[in-house]
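Participant: Input: one structure, supplied below.
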Amino acid sequence: MHAPSPKIIYRRGSRRRPTVAKETNAHKPASVWTVILTDAHFWVPAIVLIAGLLVLQWIR
Amino acid sequence: MDPLSPRVTSTTTNTKMFSPSIEAARLRKLQIVGILCGFGAGAWLGAAEAPTKLVKLGVSPLVVSLLMVVGVFLARWSVPALIRGTGQMRIDIRQAPHLIVWGILAGCLWAVANTLTIFAIRDIGLSIAFPLWNINSLLGIFWGYLLFNELRDAGKLRWLSVLGGALLMFAGATLLAIASSAQSPAAHPFRGIAAALAAGVLWGTMYVPYRKAYLTGMNPLSFIAFFTIGELGMMLTLAILYGGGPDALAHQLELAKPVLFWLMLGGFVWVIGDLFQQYAAKYIGISRGIPLSNTNQLWGLLWGILVFGELRGLSTSLYAQVIGGSLLMAAGAGAIALSSVTSKEHSRWKQAADREGQRYKVDAGYVEAGLSGNNQNVTGGELATRSSRTWLDYLLVIAATTIFIALAVLARAPNLSLNWPALIVLTVAMLIFLLVCGLALWRTTRFN
């Protein structure tokens, strides 16, 4: 099976050769932030940090 | 192929399994390096307190902490630039961009924990506070087991060695803290205990991002650069918030000018120790690496007693406590050092690494190269060549060196009686650790 051809862009009024569109990360299923925020491990240090700040606010 | 080119995130690259396990000889070598780094970390982290003992001005502990962190920041950008070059850091960012967030989060945890210890010492004294926040290594073992498969399939003997060793170190640390304490009775016991316990929990949890990074193949030299952004940002915020605002902070900094060099030197020494701690966490895991680097208390005490003449003229029972505590800590560290990672346990680590790689779509070759400490980076499934240092790296090194020299010129010589022979012996011991650990890391991993 052939891979899909790269999208060719023709600019109106341009004398330059058509250019190939840059590959974007749009095909990625999720952004880095989404993956981090849905990682249960992330919430362990994040919650501990918030709790630590609350303790600091209380004891100072 | 351009080593800085964007990584390929094809499904085949991301989901491919690791090649057969790192051979036993390589694993053994990495463990020896990790154990050496754990002990080296203890020596350098313990010595980091020494320059701060030279500070006798009425500067707030928060400002002392902030200035040490500034020294740490300078060192954490210049040392990696000198060893590997920032080009390698860019490769790490491309491969695992999520670890910037994890690094900054770990830095924030460190800064809050460090500030809590200042309040804990104020309220309950070092003798009670230190053992309480030393629970961090026990928590490190817990997180290592729960989240990263450490000590899984390790066998009862190794469990006994690690847990027993950590408990011995905890008992030894308690004895040492009581003996070395010259604090007045607790002013606010409940608040102080809460602060010390919270610091322990924060530090113990800080190792979660560490392990996360190293299982995903991140180089410690890159990780600490992100870590320090969180560390400095959070420390600066806390110093402004709790130090009475920007004007009060500026006034305190002006007061601290003559001692800036000593504080930042302490930060620099601390970075070397922390770097070894990171390598220890990487190659022997947090359950073994963190307790070993907690031997810093022993070294701190050695500096205090031998160089600064602390505990002079005290009762024999106190000396017995010091010797007993030291022996307990040494025995605990020995037990942990002897508890090697079996190939079965290592394969469980690899399962955790595989899980991380798949979740964050990190190139499997990059993760495996990081786990086995290979001197190659993998970009898009192909080996990338090592990039040389650029003008930016030399600029970073020159800028940091210039700042340190300028501060050294401004610095006021401490008016303290020091035991110079002891100072020289301990400095030589530190340098030996630096040489041995550095050489071991270079020969085995090329700092990768």
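Participant: Among the residues of segment B:91-105, what is the count of those that are more than 7 Å from every other protein chain (Cβ to nearest Cβ) and in a helix (DSSP H, G or I)?
Facilitator: Number satisfying all stated conditions: 10.
Participant: Residues in segment B:280-288: is at least one aromatic (F, W, Y) and within 30 Å of B:L416 (Cα to Cα)?
Facilitator: The answer is no, given that none of the residues of segment B:280-288 is aromatic (F, W, Y) and within 30 Å of B:L416 (Cα to Cα).
Participant: Still on this structure: Would you point out the residue of segment B:217-256, among those that are outside any helix (DSSP H, G or I) and surrounded by fewer than 24 Cβ atoms within 10 Å (Cβ to Cβ), that is farthest from the other protein chains (Cβ to nearest Cβ)?
Facilitator: B:A256
Participant: Mind listing just one residue for me: the one in segment B:330-376 that is in a helix (DSSP H, G or I) and among the hydroxyl-bearing types (S, T, Y) and, of those, farthest from B:V101 (Cα to Cα)?
Facilitator: Filtering first and then ranking leaves B:S343.
Participant: Another question, then. Here is a list: B:N419, B:N374. Which entry is at pLDDT below 90, out of contact with any Ser or Thr (no Cβ under 7 Å at 6 or more places or on another chain) and surrounded by 17 or more Cβ atoms within 10 Å (Cβ to Cβ)?
Facilitator: Going through B:N419, B:N374 in turn, just one is at pLDDT below 90, out of contact with any Ser or Thr (no Cβ under 7 Å at 6 or more places or on another chain) and surrounded by 17 or more Cβ atoms within 10 Å (Cβ to Cβ): B:N374.
Participant: For segment B:138-156, state whether one or more residues are out of contact with any strand residue (DSSP E or B) (no Cβ under 9 Å at 6 or more places or on another chain) and acidic (D, E).
Facilitator: Yes, there is a match, as at least one residue in segment B:138-156 is out of contact with any strand residue (DSSP E or B) (no Cβ under 9 Å at 6 or more places or on another chain) and acidic (D, E).
Participant: Continuing with the same structure: Can you tell me how many residues within segment A:46-60 are over 29 Å from the mean Cα position of the chain (by Cα) and more than 7 Å from every other protein chain (Cβ to nearest Cβ)?
Facilitator: The total comes to 3.
Participant: Oh, and also: Give just the number: which of (1) within 26 Å of B:S287 (Cβ to Cβ); (2) aliphatic (A, V, I, L, M); (3) within 14 Å of chain A (Cβ to nearest Cβ) does B:I124 not satisfy?
Facilitator: (1)
Participant: Just to check your reading of the model, which residue among B:D274, B:D247 is without any contact (Cβ under 8 Å) to a residue 12 or more places away in the chain and either charged (D, E, K, R) or within 18 Å of B:Y210 (Cβ to Cβ) (or both)?
Facilitator: B:D247
Participant: Those residues that are under 17 Å from B:A154 (Cα atoms) and exposed (fewer than 15 other Cβ atoms within 10 Å of the Cβ), I need them from segment B:306-342; list them, please.
Facilitator: Within segment B:306-342, B:L338 is the sole residue that qualifies.
Participant: Of the residues B:I178, B:I118, which single one is farther than 22 Å from B:Q277 by Cβ and β-branched (V, I, T)?
Facilitator: The match here is B:I178.
Participant: Moving to a separate point now. Can B:A166 be described as away from chain A (no Cβ under 11 Å), touching a residue at least 60 places away in the same chain (Cβ under 8 Å), in contact with a Ser or Thr (Cβ under 7 Å, 6 or more places away or on another chain) and within 18 Å of B:I286 (Cα to Cα)?
Facilitator: Considered against the rule, which asks whether it is away from chain A (no Cβ under 11 Å), touching a residue at least 60 places away in the same chain (Cβ under 8 Å), in contact with a Ser or Thr (Cβ under 7 Å, 6 or more places away or on another chain) and within 18 Å of B:I286 (Cα to Cα), B:A166 comes out as yes.
Participant: If you don't mind, another one. Could you please give the count of residues in segment A:34-45 that are in a helix (DSSP H, G or I) and either within 20 Å of the chain's Cα centre (by Cα) or of a type in the set (S, T, Y) (or both)?
Facilitator: 8
Residue-by-condition table, conditions (1) over 20 Å from B:A50 (Cβ atoms); (2) modelled with pLDDT under 80:
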site: B:A280; (1), (2): yes, no
site: B:I284; (1), (2): yes, no
site: B:G289; (1), (2): yes, no
site: B:I305; (1), (2): no, no
site: B:R312; (1), (2): no, yes
site: B:S315; (1), (2): yes, yes
site: B:G324; (1), (2): yes, no
site: B:L328; (1), (2): yes, no
site: B:I336; (1), (2): yes, no
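The values are calculated or read from the model by the stated rules, or taken from the named source; none is laboratory data. What you see is a predicted model, and the numbers here were worked out from it, not measured in a lab. Because the Cβ atoms are built from the backbone with ideal geometry, glycine has one as well, and the counts that use them run over all protein chains shown.
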